[in-house]
Every structure is written in C-alpha cells, then in structure tokens.
1. Among all residue pairs at least 6 apart or on different chains, which show Cβ distances below 9 Å where the first residue, located in region 68-87, is in contact (Cβ under 8 Å) with a residue 24 or more places away in the chain and under 15 Å from LEU48 (Cα atoms) and the second is of a type in the set (Asp, Glu) and surrounded by 15 or more Cβ atoms within 10 Å (Cβ to Cβ)?
2. Just to verify a result, which residue in region 25-40, among those that are at pLDDT 90 or above and among the hydrophobic types (A, V, I, L, M, F, W, C), is surrounded by the fewest Cβ atoms within 10 Å (Cβ to Cβ)?
3. Take region 67-87 and flag every residue that is among the β-branched types (Val, Ile, Thr) and in contact with a helix residue (DSSP H, G or I) (Cβ under 9 Å, 6 or more places away or on another chain).
4. I need the full set of residues from region 41-64 which are farther than 13 Å from ASN17 by Cβ, part of a helix (DSSP H, G or I), in contact with a strand residue (DSSP E or B) (Cβ under 8 Å, 6 or more places away or on another chain) and modelled with pLDDT of 85 or more, in order please.
Amino acid sequence: MRADENEIHRNLDTDANPTAQVVQAVADQKGMDPMSLQSAWNAIGQVLDPLFSTPPSPDADVEITFNYEGYRITVGQDGCATFDELE
C-alpha cells in the first residue's frame, strides 16, 4: 500500500477473495485486528465477491464503490483498489 494524503492504493489478488482483502487492508490501516471490524459479508461481500469469481467482460471495466469502516473504497475488476479515508 502507498498513501497519497488520505488516499491509499492497493492491488488485490483477483484469484483470492476480494472482501477478505478489503477487510485486511482496512484493518492494516487502522492498526486493528480484522475480526474486530464490522462484518463485511453483509455490508459488501454479496456484491463485491462476484466481481472476481464471475467477472464481467474486461471491456466492461466495472468498478464497485462503497463505504466501509470510515473509508470510501473503489475496487475495479482488474484488482486495483483505492481507499479514501472519510472525514
């Protein structure tokens, strides 16, 4: 991860679970145990996980944007993720 002021960028592994990776990234930023964060499955998992498990055509260039644990997060189907800390 690298930080540009309040924005953090991370490349997610498209062969792994994106929800778990988002939770881990947020936990890392907050210096917390991922298990202490809000359950992500109900919040984002049902929408986010299919982005990698059954992705749309690359031409679609799909991105999903959502709020989670004080961050505005955008995840692209290519695995690029941006975490923007909400104020």
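1. ILE73/ASP84
2. Checked region 25-40; the qualifying residue surrounded by the fewest Cβ atoms within 10 Å (Cβ to Cβ) is MET35.
3. Within region 67-87, ILE73, VAL75 meet the criteria.
4. Result: VAL47, single match.
The values are calculated or read from the model by the stated rules, or taken from the named source; none is laboratory data. Since we're looking at a predicted model, the values are computed, not measured. Here the Cβ is made from the backbone with ideal geometry for all residues, glycine too, and neighbour counts use every protein chain on show.
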